[in-house]
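Engineer: Here it is, the structure in full.
Derivation of every value follows stated rules applied to the coordinates shown; laboratory data play no part. Just so you know, these numbers come straight off a predicted model, no measurement behind them. For neighbour counting, all protein chains shown are included, and Cβ atoms are generated from backbone atoms with ideal geometry for every residue, glycine included.
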Amino acid sequence: MDFDRSAVESLNQWSELKIRHLESCGFQREHIILDSGIGFGKSAYQNLFLLQHVEQLKQFGCEVMVGHSRKRFISSFSHAEARDRDLETVAVSLALAEQGVDYLRVHHVRNHQRALVAYQLSVNR
């Protein structure tokens, strides 16, 4: 990716190219899951910016997945070791759920299930 432009622009451009390629191979757009690539070749700032704007990936008509669990970018706002970043991961997961992310790749599924149920029950929707 070319990060001379915004991380979101680069990801959007890459996504469109990959989606077109997959469609040319016979895949239907609604069967494609886009992964934001958090933690791969990006700075902590770029990862956080992507997390704050991940809903833009929904514009492509695909489902969206984010694998952010315990990733290194969390060390930009927490001193916890990777194995101890579950609380921070749950907090990020709640923000991603609020943005409509379809899939979360996490280490502690049970903690996320509990947090997401409590969150959904506590908001008026």
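Engineer: Report, in deg cm²/dmol and to the nearest 500, the calculated mean residue ellipticity at 222 nm for the chain, where each DSSP H run with n ≥ 4 adds -39500 (n - 2.57) and the sum is divided by the residue count. The partial results should precede the final answer.
Structural biologist: Details: 4 runs with 54 residues, N = 125.
For the chain, the value works out to -14000 deg cm²/dmol.
Engineer: In addition: Which angle from 0 to 90°, rounded to the nearest 10, does the C-alpha axis of helix 7-24 make with the longest principal axis of the chain?
Structural biologist: Taking the Cα atoms of the chain, the angle to 7-24 is about 50 degrees.
Engineer: While we're here: Report the residue, chosen from HIS53, HIS112, HIS21, that carries the largest GNM mean-square fluctuation when the chain is represented by alpha-carbon nodes joined by springs under 10 Å.
Structural biologist: It is HIS21.
Engineer: If you keep only loop residues by DSSP, which GluC sites (Glu not before Pro) in region 43-81 have at most 14 other Cβ atoms within 10 Å of their Cβ?
Structural biologist: Working: sites: GLU55, GLU63, GLU81; in loops: GLU81.
Those that pass, being in a loop and sparsely packed, are GLU81.
Engineer: Under 5 Å between amide hydrogens, which residues at least 5 positions from LEU34 or on another chain qualify, with H placed 1.01 Å from N in the peptide plane?
Structural biologist: Excluding prolines and chain starts, which carry no amide H, the hits are GLU63, VAL64, MET65.
Engineer: Just want the ordering: LEU22, LEU57, from fewest to most Cβ atoms lying within 10 Å of their own Cβ. Could the numbers behind the result be given before it?
Structural biologist: Details: LEU22 15, LEU57 24.
So the ranking, lowest neighbour count to highest, is LEU22, LEU57.
Engineer: Next question, about the same structure. Can you give me the angle between helix 109-122 and the longest principal axis of the chain, using Cα atoms only, in degrees from 0 to 90, rounded to the nearest 10?
Structural biologist: Approximately 80 degrees, to the nearest 10.
Engineer: Continuing with the same structure: Hey, rough spin-label estimate for TYR103 and GLN52, points 7 angstrom out along Cα→Cβ, what's it come to in nanometres?
Structural biologist: Modelled inter-label distance: 2.7 nm.
Engineer: Continuing with this model, one more query. With a ≥ b ≥ c taken as the square roots of the eigenvalues of the C-alpha gyration tensor of region 1-65, please select rounded if a/c is under 1.5 and otherwise prolate if a/b is larger than b/c or oblate if it is not? Before the final figure, lay out the partial values.
Structural biologist: Working: a/c = 2.39, a/b = 1.80, b/c = 1.33.
Since a/c reaches 1.5 and a/b is larger than b/c, the shape of region 1-65 is classed as prolate.
Engineer: Can you give me the angle between helix 86-98 and the longest principal axis of the chain, using Cα atoms only, in degrees from 0 to 90, rounded to the nearest 10?
Structural biologist: Relative to the chain, helix 86-98 is tipped by roughly 50 degrees.
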